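The values are calculated or read from the model by the stated rules, or taken from the named source; none is laboratory data. Keep in mind that what you see is a predicted model, and the values were worked out from it rather than measured. Cβ placement follows ideal geometry from the backbone for every residue including glycine, while neighbour counts extend to all protein chains displayed.
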Amino acid sequence: MSKSQTTVVVTGLGATTPLGGDVASTWSALLAGESGVRALEWEGVEELPVRFAAQLAVDPSEVMPRQQLRRLDRNQAIALIAAHEAWADAGFAPPAKKGRAAKAESQADPEGFRVDGDRLGVVVSSGIGGLHTALDSYDVFKEKGWSRVSPFTVPMLMPNGASGHVGIEFGAMAGSHALVSACASSGEAVGYAIDMIRTGRADVVICGGTEACIHPLQMASFGAMRAMSTRNEEPRRASRPYDKNRDGFVLGEGAAVMILESEEHARARGAKVHAIAAGCGYSGDAFDIVLPDPSGGGQAKAMLRALDNAGLEPADIVHINAHATSTPAGDVAELNSIKAALGEEVSAKVTVTGTKSMTGHLLGGAGALESVITILTLRDGLVPPTANLEDLDDEVDLDIVRGEPRKLPDGPAAALNNSFGFGGHNVSVVFQRAL
Amino acid sequence: MAVATEQQILDGLAEIIDDIVGIDKSEVTPEKNFIDDLDIDSLSMVEIAVAAQDQFGVEIPDDELRNLKTVNDVINFVQKLQQ
């Protein structure tokens, strides 16, 4: 890391999650230890091995016109909803016109601060893309023939669709990207956004992740892998990282978006700063397509590279928002990786939380949502508890926050947000408290 | 299917356009150009054409669709085929 690199700050937050339709409602539910997991009420659900999931608290149809929704996959609609919240939170003027018209608009300055479109970038990831669109369109094709398939099917199912739509909505012309790495996708999106600003490609980047693939096929596919919890009789208690009786992850849906900005740009317009996006580290396990490397070496490398990228030491870390999906093997393996990366002494002092216990696992949206949660944790000095942690696994020897939120000490503080994806993708994003 | 009057076609088309792209029915008047005046993109035009085929019981080949630039073009096209 070079000492002269540009400082990147977070100036806007947006989210729509199983706990709430915006950041404020999601955050208060997290601090209260609530669960967003519910039984699925589908026809034929009894045929499935898993009959619950963490569905959105606010359906996009409640906040977006029907005509707009019919040309967006669910993952794209919620990415736009979260992006609008983040954009407004950052204090930017709303986009007055869409698409081609937005470009001309970027020159004008009627009310609020308007970003130069050539200095505005987008990195919005989805791990799966438009699964609902692909499957629903195939049903239409089989029943009614090709001419009745929506002409929007391709842009709705492509995994870069959300990124494209956000770029069009806000007139972003510095570049629009969609990094795809399963459950690490939107952690990588934050890292790429930091780099876009540090390398001078953009002053402001809209970054985040989205996922909406709670479909019978997904329940069947993850069920076939034996990866999901089958606690069908108690959905709210199913996601329980670090608990002795955890039995797999719970599928969730949602979107989270952040506005990242160079400190200079943010200061010039007097923006409020939620936190510093200090750096990001990556690694590849090169081990197995779905299993993490049991040595934890890959995960530890990602955390160490994140610290190096941010110019921080292990002792600067006070908190970790863990990947912690509630699988029997994964949760403990990550704690071992944390110890390998930070050392026994520092690891014993950090507070660790697993917020998927409340939100479920958003797959490609997880890294972004947990980045938002990590930012709020640093900003408000409160660690949300790991819900459903009743009987701590004997192999857990780190300080897992449970029961009540934990207060963080005042003053300088940094935190890691880990995300690991099928394919052996490891990413760790580091945020610092803005003082 | 009974032959529709010009007004019936206009009303039917306005309803389809409202349903698909959310443009108020009062905006859809005969002289309006779909792209320049109503800001309807080409993929939405395909959806509108498919819905119009069902509604008016006519076939709109892709070659013809390209020539239907205004609301009036569609009204004339449908009337011609229905007669």
Could you count how many residues in segment B:23-55 are within 9 Å of chain A (Cβ to nearest Cβ), in contact with a Ser or Thr (Cβ under 8 Å, 6 or more places away or on another chain) and not acidic (Asp, Glu)?
-> 1
Count - residues of segment A:409-421 that are closer than 19 Å to A:Cys280 by Cα and part of a loop (DSSP other than H, G, I, E, B) = 2
Are there any pairs, at least 6 apart or on different chains, whose C-beta atoms fall under 8 Å, with the first in segment B:8-22 and at the interface with chain A (Cβ under 8 Å from one of its Cβ atoms) and the second in a helix (DSSP H, G or I) and hydrophobic (A, V, I, L, M, F, W, C), and if so, which?
-> B:Asp19/B:Ala51; B:Ile20/B:Ile48; B:Ile20/B:Ala51; B:Val21/B:Ile48
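For the condition away from chain B (no Cβ under 14 Å) and surrounded by fewer than 24 Cβ atoms within 10 Å (Cβ to Cβ), what is the one hit in A:Gly187, A:Gly175, A:Gly164?
On the way: A:Gly187 fails: surrounded by fewer than 24 Cβ atoms within 10 Å (Cβ to Cβ); A:Gly164 fails: away from chain B (no Cβ under 14 Å).
Matching residue, one of A:Gly187, A:Gly175, A:Gly164: A:Gly175.
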Could you say which residue among A:Pro159, A:Pro151, A:Pro155 is surrounded by 19 or more Cβ atoms within 10 Å (Cβ to Cβ), within 14 Å of another protein chain (Cβ to nearest Cβ) and not charged (D, E, K, R)?
-> A:Pro155
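Quick check on A:Ser61: is it over 16 Å from the mean Cα position of the chain (by Cα), within 14 Å of another protein chain (Cβ to nearest Cβ), surrounded by fewer than 15 Cβ atoms within 10 Å (Cβ to Cβ) and at pLDDT 95 or above? Step through it out loud before you land on a result.
Working: over 16 Å from the mean Cα position of the chain (by Cα): yes; within 14 Å of another protein chain (Cβ to nearest Cβ): yes; surrounded by fewer than 15 Cβ atoms within 10 Å (Cβ to Cβ): yes; at pLDDT 95 or above: yes.
Yes, satisfied.
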Would you be able to tell me the number of residues in segment B:42-62 that are surrounded by 15 or more Cβ atoms within 10 Å (Cβ to Cβ), without any contact (Cβ under 8 Å) to a residue 24 or more places away in the chain and assigned to a loop (DSSP other than H, G, I, E, B)?
-> 1
Determine which single condition A:Ala220 fails, assuming it passes every other condition in (1) buried (at least 24 other Cβ atoms within 10 Å of the Cβ); (2) aliphatic (A, V, I, L, M); (3) in contact (Cβ under 8 Å) with a residue 60 or more places away in the chain.
-> (1)
Which is assigned to a helix (DSSP H, G or I), aliphatic (A, V, I, L, M) and at pLDDT 95 or above, of A:Ala15, A:Ala53, A:Ala29?
-> A:Ala29
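Restricting segment A:340-390 to residues that are of a type outside the set (Gly, Ala, Ser) and at positive phi, which is surrounded by the fewest Cβ atoms within 10 Å (Cβ to Cβ)? First the steps, then the outcome.
We begin by selecting, within segment A:340-390, every residue of a type outside the set (Gly, Ala, Ser); these are A:342, A:344-346, A:349-353, A:355-356, A:358-359, A:361-363, A:369-370, A:372-380, A:382-386, A:388-390.
The next check asks that each one be at positive phi; those that pass are A:363, A:388.
Values: A:Leu363: 31, A:Asn388: 26.
Out of the qualifying residues, it is A:Asn388.
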